[in-house]
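Below you'll find the structure, written out as structure tokens, and then a few comments.
Read-outs throughout are calculated quantities, based only on the coordinates presented, and are distinct from any laboratory measurement. Fair warning: this is a prediction, and the values are worked out from it, not measured in the lab. When we count neighbours, we look across all protein chains shown, and the Cβ atoms used for this are built from the backbone with ideal geometry, even at glycine.
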There are 2 protein chains.
Amino acid sequence: MKSSLDVCLSPELLHLYEVKERTVVVVDIFRATSCMVTALAHGAACIKPFADLEECLEAVKEGFETSGERNGQKVDGFDRGNSPFEYMGESIKGKKIAFTTTNGTQAIEKSKQAKNLVIGSFLNLKSVSNVIGELGDPVLIVCAGWKGRVNLEDTLFAGALAENLLDHFTLEDDAALAAINLYRSAKTDMEGFLKNSSHVKRLARLNVVKDISFCLTADQYQVVPILRSGLLVS
Amino acid sequence: MKSSLDVCLSPELLHLYEVKERTVVVVDIFRATSCMVTALAHGAACIKPFADLEECLEAVKEGFETSGERNGQKVDGFDRGNSPFEYMGESIKGKKIAFTTTNGTQAIEKSKQAKNLVIGSFLNLKSVSNVIGELGDPVLIVCAGWKGRVNLEDTLFAGALAENLLDHFTLEDDAALAAINLYRSAKTDMEGFLKNSSHVKRLARLNVVKDISFCLTADQYQVVPILRSGLLVS
């Protein structure tokens with residue numbers, strides 16, 4: 001019998017879904033989970049996600065570098081912001097990263113009870129599809145959204161992942177059907193599809209347009225971050 | 001300056017939206033708001049929505065007839081269930097209807113603080129579009145969903161209404177963009193589009209297939225139910 005695949009369009013809806021017996025995929029395309037995948041692909045040792053900013057800063061004492069954003073902008077005093085281009089090259093190798101963001105790390109915190117928690121992004125789409133298929137457990141894709149509201153880019157990723165897994169999982173949740181349909185409408189030109197979305201307009205104002213293109217590029221990396229003892233590792 | 005139009009895909013997300021200064025359109029296509037529109041179009045005097053089943057039964061003392069469902073099925077002892085075909089003909093004329101349902105009347109209860117609260121369905125799509133345009137206030141479309149989860153049919157209606165109002169309102173909410181896109185994909189064959197949806201499968205099991213076709217038929221009625229002193233009237 002096939003396992004089920006559901007899509008939770010906002011962390012505010014997570015209490016409506018069973019989590020503990022599932023593989024949960026957390027997604028925050030612009031830009032937290034795209035950064036996490038990039039960092040581990042470029043040799044970071046591990047990422048410790050924090051919902052709370054102060055706790056994230058405390059991790060410096062344990063040898064972590066601080067990373068992330070609030071309201072889309074780098075936090076004063078942090079080592080890195082929330083652009084995937086900050087997580088490449090020699091400087092990231094072997095680093096332990098303490099990471100906090102407006103939406104993505106909040107969604108991880110809320111999903112911690114999952115049987116398996118993995119990190120998804122377009123950058124590792126095929127790899128995350130393969131890992132989920134191999135695990136075989138029921139799947140819940142948790143879209144980080146924006147401050148609780150549904151957003152388009154995370155929904156599109158949920159649709160892309162659902163499409164990849166369609167032959168091996170059952171889709172009975174209307175949100176999953178909506179996501180897959182939106183992805184099919186958008187997939188030939190995702191940047192065009194998203195140009196009126198709230199987050200793309202917000203990022204354009206912050207002048208990080210090249211991040212948008214990169215975060216929408218499929219299969220740049222093979223790494224699939226998975227949560228083990230509170231740390232995301234590959 | 002144009003007013004904004006947002007879409008709240010589930011009552012569980014309503015706290016994220018401003019309600020008090022807005023025209024709120026509550027929608028529960030299968031079948032609460034479709035029944036309400038049908039009842040008032042066929043001459044019912046008014047509808048009193050109840051979130052609570054016991055309170056709904058109490059309204060009998062005030063001369064109301066009882067109507068509605070729990071989990072898609074008529075409540076024992078109620079005068080009417082939740083099929084629009086029960087709200088037609090001579091028997092509905094002049095009646096005061098006390099109405100409670102699993103999702104629709106809960107969404108109304110949560111939206112009561114709106115500047116104006118109107119009831120939307122495909123059956124009165126054009127009329128509700130016109131009334132909203134005339135009111136001119138910012139709009140929030142509240143989809144009743146199913147027990148808090150997002151559903152396709154209410155999202156499609158939100159998209160249809162948003163499309164009608166596109167020239168006169170600004171759409172900045174990603175949920176509104178998602179809804180309008182889904183509606184455009186579905187509008188030439190909504191029944192086909194919805195055939196795998198959770199609620200259509202549930203209703204098919206309950207053997208109320210003809211309700212589905214009827215509830216998806218646009219512009220059968222001109223009535224626009226509006227909440228005045230706790231009563232929905234036309």
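The order of B:Val25, B:Val118, going from fewest to most other C-beta atoms within 10 Å of their C-beta, is B:Val118, B:Val25.
Using R₀ = 30 Å, calculate the FRET efficiency as 1/(1 + (r/R₀)^6) where r is the Cβ-Cβ separation of A:Glu90 and A:Arg184; round to 0.05. For A:Glu90 and A:Arg184, the calculated efficiency is 0.15.
Between A:Val233 and A:His15, what's the calculated FRET efficiency when r is the beta-carbon distance and R0 is 22 Å? Round to 0.05. Don't skip to the end; give the middle numbers.
Working: r = 28 Å, r/R0 = 1.27.
FRET efficiency, A:Val233 to A:His15: 0.20.
Running Debye on chain B with equal point scatterers at the Cα sites and no solvent, what base-10 log of I(q)/I(0) appears at q = 0.07, 0.17, 0.18 Å⁻¹? At q = 0.07, 0.17, 0.18 Å⁻¹ the computed log10 ratios are -0.19, -1.22, -1.38. Mean projected area of the convex hull spanned by the Cα atoms of the protein assembly as shown, taken over all viewing directions: 22.6 nm².
Can you check what the net charge comes to around A:Asn116, using other residues whose Cβ is under 13 Å from the Cβ of A:Asn116 (Lys, Arg +1; Asp, Glu -1)?
After counting each charged neighbour, the total is +2.
Averaged over peptide B:16-23, the number of partner chain Cβ atoms lying within 10 Å of each residue's Cβ comes to 1. In this rough spin-label picture, where each label sits 7 Å from Cα along the Cβ direction, the B:Lys115-A:Glu58 distance is 4.5 nm. Cross-link pairs exceeding 19 Å between alpha carbons, from the set A:Lys96/A:Lys147; B:Lys96/B:Lys126; B:Lys48/B:Lys93; B:Lys20/B:Lys110: A:Lys96/A:Lys147; B:Lys96/B:Lys126.
Here the 3J(HN,Hα) profile of segment A:7-24, calculated from phi with Karplus coefficients 6.51, -1.76 and 1.60 at θ = phi - 60°, is 10, 9, 6, 7, x, 5, 9, 4, 5, 8, 10, 6, 10, 4, 9, 10, 7, 9 Hz, Gly and Pro shown as x.
With a simple spin-label model that places each label point 7 Å from the Cα along the Cα-to-Cβ direction, the separation between B:Leu206 and A:Leu166 comes to 2.9 nm.
At a Förster radius of 25 Å, what calculated FRET efficiency corresponds to the Cβ-Cβ distance of B:Asn196 and A:Glu191, to the nearest 0.05? It comes out at approximately 0.30. Ranked by the mean number of other Cβ atoms within 10 Å per residue, highest first, peptides A:211-221, B:170-180, A:148-158 order as A:148-158, B:170-180, A:211-221.
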